[in-house]
């Protein structure tokens, strides 16, 4: 090898694993798909007894090495600390063996860390709820979003809101060296990863949020008996979607909390007081999340890891003694490029989610409802069109208005009023013309305002509290052809 070949990589990745070789293969595949390629991957087996070593060797990439520990820690903290000791790069990332990185994860995290002179950065993660359909499909997919940060930073206030899973992190080597690595689960009242994150904050390191979804999590903790199941069908399904630019927008669209009106309806009583108390605790050096698990759930040190293992179907390890709607908009803004003419289908999984900028509910098998008095579509044409653009949308009104005045949608291009659509109960085609002179930057933001919205709950139809007016099914965009052409 030449001297150039021997230089350290830019990023060391540590993956702790235990007897889940098919899951691990999918996680590694997501690392291989990264647009930033200057990395090494250190896979640390927690005394694996399956074919993990053979699976890693079969990948045949010299950037990847496998080390199998002789002692089983029963958690990721021990293998992670060993992996840190083997790392050679100035930057360090973690990839849990059941998580999938989106292709731009390392690139976005590195750009944020270097561009904002940070010590520690984290992306947002989309985690799949245990109630998601099997086999996985977009219609009915349950998605939650973690790691949204507090503004563009991080605050320990809030038990769930402050969670940033380890697979979303990128940090300078000095961070774990200063903290002396992860604390073992038996020393923690909460998950060791969040204990580590709190200690990073407490130490005064500069933490920044990427504010884009960069990781998909199929969390074993949310799937009872998951370590007893064979194969990795969910991870493999996610891998098949990675090359689709609409995929991350589909994930964001399926998260209830990515709609601001859902958030306003579900805001907890006393949330402001809890936030103030959490901030005060953090200032005193007490982790609010750890205190929550101790007082609310009665956890003793080590109980979190104990419950995690038993829930996964592993034998108990015996111890020896908010923000989301803006992230969704940013994801759409990145993915909403469209080449004309174009057909758009707003059904779940059909790709239309990459245009649903804000104000929309979760896409369903037929299309999507608005949720709230205003909703936006975003289209990026790449440059100013040479002609006006006609947008045709098949839409209908909320059924509770069938015997009364039809709901209306007031359509604007930015702040420019374009049309008012009367929405009947049956789907029909509506159209609007976008003047080319209003599209100088090549981007069109269509805003729909609904003077009247109604909920199925208020109408006595069901217990659905969403504020509905228009259901959007499909669309077509095309340049307007002049008669002389």
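The values are calculated or read from the model by the stated rules, or taken from the named source; none is laboratory data. Just so we're clear, the structure is a prediction, and the values are computed from it rather than from any experiment. We place every Cβ from the backbone using ideal geometry, glycine too, and count neighbours over all the protein chains shown.
Yes or no: the range 154-164 includes at least one residue that is in a strand (DSSP E or B) and at pLDDT below 80.
no
Could you list all residues from the range 443-465 that are in a loop (DSSP other than H, G, I, E, B) and closer than 17 Å to residue 376 by Cβ?
Residues satisfying the conditions are 450, 451, 453.
Of the residues that sit in the range 48-70 and are in a loop (DSSP other than H, G, I, E, B) and in contact with a strand residue (DSSP E or B) (Cβ under 7 Å, 6 or more places away or on another chain), which one is farthest from residue 81 (Cα to Cα)?
Per the criteria, the residue is 63.
Restricting to the range 140-152, give me the number of residues that are surrounded by fewer than 20 Cβ atoms within 10 Å (Cβ to Cβ) and at pLDDT below 85.
Number satisfying all stated conditions: 4.
Check whether at least one residue in the range 88-98 is assigned to a helix (DSSP H, G or I), closer than 26 Å to residue 174 by Cα and touching a strand residue (DSSP E or B) at 6+ places or on another chain (Cβ under 6 Å), and report yes or no.
The answer is no; no qualifying residue exists.
Within the bounds of the range 267-279, is there any residue that is outside any strand (DSSP E or B) and at pLDDT 80 or above?
The answer is no; no qualifying residue exists.
Looking only at the range 71-94, decide whether some residue is within 20 Å of residue 154 (Cα to Cα), buried (at least 20 other Cβ atoms within 10 Å of the Cβ) and under 20 Å from the mean Cα position of the chain (by Cα).
Step one: filter the range 71-94 for residues within 20 Å of residue 154 (Cα to Cα), giving 91-94.
Those left that are additionally buried (at least 20 other Cβ atoms within 10 Å of the Cβ): 91-94.
With under 20 Å from the mean Cα position of the chain (by Cα) added as a condition, the list becomes 93-94.
Yes; the residues of the range 71-94 include at least one that is within 20 Å of residue 154 (Cα to Cα), buried (at least 20 other Cβ atoms within 10 Å of the Cβ) and under 20 Å from the mean Cα position of the chain (by Cα).
Please verify whether the range 397-413 includes one or more residues that are part of a loop (DSSP other than H, G, I, E, B) and at positive phi.
Kept after step one, since they are part of a loop (DSSP other than H, G, I, E, B), are these residues of the range 397-413: 398, 402-407.
If we keep only those that are at positive phi as well, we get none.
No, every residue in the range 397-413 fails to be part of a loop (DSSP other than H, G, I, E, B) and at positive phi.
I need a count of the residues in the range 413-427 that are surrounded by 15 or more Cβ atoms within 10 Å (Cβ to Cβ) and modelled with pLDDT of 95 or more.
Matching residues across the range 413-427 total 3.
I'd like the full set of residues that are in contact with a strand residue (DSSP E or B) (Cβ under 8 Å, 6 or more places away or on another chain) and surrounded by fewer than 22 Cβ atoms within 10 Å (Cβ to Cβ), limited to the range 30-41.
Scanning the range 30-41 gives 33, 34, 36, 38, 39, 40.
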